Structures are given as structure tokens and as C-alpha cells.
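Chemist: To start, I am sharing the structure in question, which I have written as C-alpha cells.
The values are calculated or read from the model by the stated rules, or taken from the named source; none is laboratory data. Quick caveat: nothing in here was measured; it's all calculated off a predicted structure. Here the Cβ is made from the backbone with ideal geometry for all residues, glycine too, and neighbour counts use every protein chain on show.
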Amino acid sequence: MADPEESRWSTLARTTVHHGRVKLVDHEVLLPDGSRANYVVDESFPFSVATLVIDGDDVLLSRQYRYPLNRWIFDLPGGAGQSDEEPIIAARRELEEELGVVPEELRPLHTFFMNPGRAAWPTHLFISTQGHRLGEADTTDAAEQVSLARVPLTKLDHLIAQGTIVDPPLIVARAVAAARGELPRLGSVALSDQLPVGSEDADRGSLSAVDN
């Protein structure tokens, strides 16, 4: 039952203020106290997808440069879905485009909202544990060069504990997979083994990149 104090806002008008790779829409809204305000919402795409691929004791991740952070990171393969596309189809497409991997099966894992204070689009997470075959990665976008990295699950847990994994879908997917029994619980890491939070060296360690 809804709390009577949890009133909602009413949308009076919408104006697109920027439309490139990112679409920003200015909403004129009526607040519960009767006053008006403007609120900019990220409406860049209808949804996003990301896939946690388990291959034996390893996780297959993307390794790519993220300009806003000015660093290379590990993240889940994924991206934006299209309005005429089912999330699971988008997940398959993004997985092959980024890593050159075609999963034998995909199962829904979880849906969450990346930035609920500014964007309404959901992120649909999927998991693959039943093997895969090689497909063809898309390397035509010079601003999105991705390599495949095979990371032992124990090493991934170590990197998460260190704070060097910064990709929200990867952190959420690992936690949900453990909560649902798809993966073991997150392993503990001795404080003495940790590198400084945010250290780029921390996410390299003994990991090896795998050719697409």
C-alpha cells in the first residue's frame, strides 16, 4: 500500500535540449506543493543491457578505455538497446559486437536503474553459463575499441574488494548471481593484499587479455 505522503510529480511539458549520442530532455513539472520546476532527464535510449559470461572458473569481461574516467577498465559487455528490440536480442548483439562471443544460452539475471535520479531507462542484466562459440566482433568504431579479458572469478572478487572495479553492471551482476546461487558468495580479501582504491595497476595483476 502506497504511503499517502509519497506524492508524485506531474509532467506539464517536455523539451529536448540536446540530442547527440546523449539525449537530454527538459521536463517542466508540477510539484506536490503546487509550485513548478524544471528537471533535465537523460532519455538517451529505451534501455541498456549487459551480460555476465561465466566460462569455467573465469569471467569473460570487456577491457576498454573510458574517456570520462581517463583510464582503462574492466566492465561487462553491453550497451544500448533499440526501441524495436527485445532486451535479450540486444544482449546477444552487444556481446558479439564487443567480444566476438556468441552464447549458447542467455538467461535474465536482474533489472536495475543505473541512475534513478536522472534517467528512467533500465539496465537489463543477463547471465551465460552454458558455453559459447566465436562470432565476429565489430571494430569499426574508433572511439570504442574493446578487447576480451579472461578473469578468474577469485581475481574478480579481489578487484571488487579493492575498489578497482568501477562498472556498476559488473558489480551488481556479481552480487545478484551470488544471491541467486548462480555463483559462489563473494570471496573475502585480506586488507594487506589490497592496492590503493582507484589504482590502475590494481586491475592488471596476473590477468591476461584474450584475442577476439
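Chemist: Report whether or not residue 55 is surrounded by fewer than 18 Cβ atoms within 10 Å (Cβ to Cβ), more than 15 Å from the chain's Cα centre (by Cα), among the charged types (D, E, K, R) and within 21 Å of residue 172 (Cα to Cα). Walk me through how you get there before you give the answer.
Modeler: Working: surrounded by fewer than 18 Cβ atoms within 10 Å (Cβ to Cβ): yes; more than 15 Å from the chain's Cα centre (by Cα): yes; among the charged types (D, E, K, R): yes; within 21 Å of residue 172 (Cα to Cα): yes.
Judged against the criteria, residue 55 is a match.
Chemist: Follow-up. Could you list all residues from the stretch 111-132 that are under 28 Å from residue 186 (Cα atoms) and in a strand (DSSP E or B)?
Modeler: Matches in the stretch 111-132: 111, 112, 123, 124, 125, 126, 127, 128, 132.
Chemist: Give, as residue ranges, the strands (runs of 3 or more DSSP E) completely inside the stretch 4-100 that count at least 1 residues that are under 30 Å from residue 149 (Cα atoms) and out of contact with any Asp or Glu (no Cβ under 9 Å at 6 or more places or on another chain). Walk me through how you get there before you give the answer.
Modeler: Values: elements: 10-19, 23-30, 36-42, 48-55, 58-66, 71-75, 78-80.
Ranges flagged: 48-55, 58-66.
Chemist: Can you tell me which of (1) in contact (Cβ under 8 Å) with a residue 40 or more places away in the chain; (2) out of contact with any His (no Cβ under 8 Å at 6 or more places or on another chain); (3) under 22 Å from residue 114 (Cβ atoms); (4) surrounded by fewer than 16 Cβ atoms within 10 Å (Cβ to Cβ) is the one residue 19 doesn't meet?
Modeler: (1)
Chemist: Separate question: Taking residue 83 and the conditions (1) modelled with pLDDT of 95 or more; (2) of a type in the set (Ser, Thr, Tyr); (3) assigned by TED's automatic domain parsing to the domain that holds residue 134, which numbered condition does it fall short on, given that it satisfies the others?
Modeler: (1)
Chemist: Within the stretch 86-95, identify whether any single residue is closer than 24 Å to residue 155 by Cα, surrounded by 17 or more Cβ atoms within 10 Å (Cβ to Cβ) and in contact (Cβ under 8 Å) with a residue 60 or more places away in the chain, and answer yes or no.
Modeler: For the stretch 86-95, residues closer than 24 Å to residue 155 by Cα, surrounded by 17 or more Cβ atoms within 10 Å (Cβ to Cβ) and in contact (Cβ under 8 Å) with a residue 60 or more places away in the chain: absent.
Chemist: Another question, then. Would you call residue 183 at pLDDT below 95 and surrounded by 12 or more Cβ atoms within 10 Å (Cβ to Cβ)? Walk me through how you get there before you give the answer.
Modeler: Numbers: at pLDDT below 95: yes; surrounded by 12 or more Cβ atoms within 10 Å (Cβ to Cβ): yes.
So residue 183 fits the description; yes.
Chemist: Something else now. Suppose we filter 156, 125, 148 for residues that are of a type outside the set (Asp, Glu), closer than 18 Å to residue 73 by Cα and surrounded by 22 or more Cβ atoms within 10 Å (Cβ to Cβ); which single one remains? Before the answer, list the steps.
Modeler: Numbers: 125 fails: closer than 18 Å to residue 73 by Cα; 148 fails: surrounded by 22 or more Cβ atoms within 10 Å (Cβ to Cβ).
Unique residue meeting the criteria: 156.
Chemist: Evaluate the stretch 168-175: report whether one residue or more is buried (at least 16 other Cβ atoms within 10 Å of the Cβ), assigned by TED's automatic domain parsing to the domain that holds residue 91, at pLDDT 95 or above and assigned to a strand (DSSP E or B).
Modeler: no
Chemist: Among the numbered conditions (1) buried (at least 18 other Cβ atoms within 10 Å of the Cβ); (2) among the β-branched types (Val, Ile, Thr); (3) within 15 Å of the chain's Cα centre (by Cα), tell me where residue 101 comes up short.
Modeler: (3)
Chemist: Ok, one more. Any residue in the stretch 148-177 that's at positive phi: show its pairings with residues that are outside any helix (DSSP H, G or I) at Cβ separation under 7 Å, as long as the two are six or more apart or on different chains.
Modeler: 163/197; 163/198
Chemist: Which of the following residues is touching a helix residue (DSSP H, G or I) at 6+ places or on another chain (Cβ under 6 Å) and basic (Lys, Arg): 63, 21, 71?
Modeler: Matching residue, one of 63, 21, 71: 71.
Every residue, every condition in (1) at pLDDT 95 or above; (2) under 17 Å from the mean Cα position of the chain (by Cα); (3) farther than 18 Å from residue 183 by Cα, yes or no:
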position	(1), (2), (3)
77	yes, yes, yes
89	yes, yes, yes
93	yes, yes, yes
110	yes, yes, no
123	yes, yes, yes
126	yes, yes, no
138	no, no, yes
